[in-house]
Amino acid sequence: MCIKPLHKVKDAFIDQWGISFEEGDDVVGGIYYQRWGNSDTSYVLLKYLHKVYFYSHLVRAIKFLMPPKNHRVGGNDPIYELPKEILRSINEVIVFLGFED
């Protein structure tokens, strides 16, 4: 989930995840969702972990809904649903661009 929009790096740095960024790099800041349980469409937001930065050219999807489910995990954090059609679209972009595993 994006929490800092596209911007240019002003000073080179290495983020909390060990990724190096140089002055002038185009990056986006955010936090991760992690897949939860056995479903490809259930996710929990890792809102308490370090902010992540990533290169803008790695963005594969821009705005889509992930509504909360009626289920929560420990700490009362909601589980979010990534609709199957959105997941399919993201995966199609990944294959098209040659980034599949």
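The values are calculated or read from the model by the stated rules, or taken from the named source; none is laboratory data. Quantities reported herein were computed from a predicted structural model and do not represent experimental measurements. All Cβ positions, glycine included, derive from the backbone under ideal geometry; neighbour counts span all protein chains shown.
Taking E23 as meeting all but one of (1) touching a residue at least 12 places away in the same chain (Cβ under 8 Å); (2) surrounded by 12 or more Cβ atoms within 10 Å (Cβ to Cβ), write down the number of the exception.
Every condition holds for E23 apart from (2).
Cβ contacts < 8 Å: first residue in contact (Cβ under 8 Å) with a residue 40 or more places away in the chain and farther than 21 Å from F13 by Cα, restricted to the stretch 45-56; second residue in a loop (DSSP other than H, G, I, E, B) and aromatic (F, W, Y), any location; separation 6+ or different chain. Result?
Matching pairs, first to second residue: L45/Y32.
Just to verify a result, which residue in the stretch 79-96, among those that are aliphatic (A, V, I, L, M) and in a helix (DSSP H, G or I), is modelled with the lowest pLDDT?
Residue satisfying both the conditions and the ranking: V95.
Take H50 and tell me if it is assigned to a loop (DSSP other than H, G, I, E, B) and either in contact with a helix residue (DSSP H, G or I) (Cβ under 6 Å, 6 or more places away or on another chain) or not polar (S, T, N, Q) (or both).
Details: assigned to a loop (DSSP other than H, G, I, E, B): yes; either in contact with a helix residue (DSSP H, G or I) (Cβ under 6 Å, 6 or more places away or on another chain) or not polar (S, T, N, Q) (or both): yes.
Yes: the conditions hold for H50.
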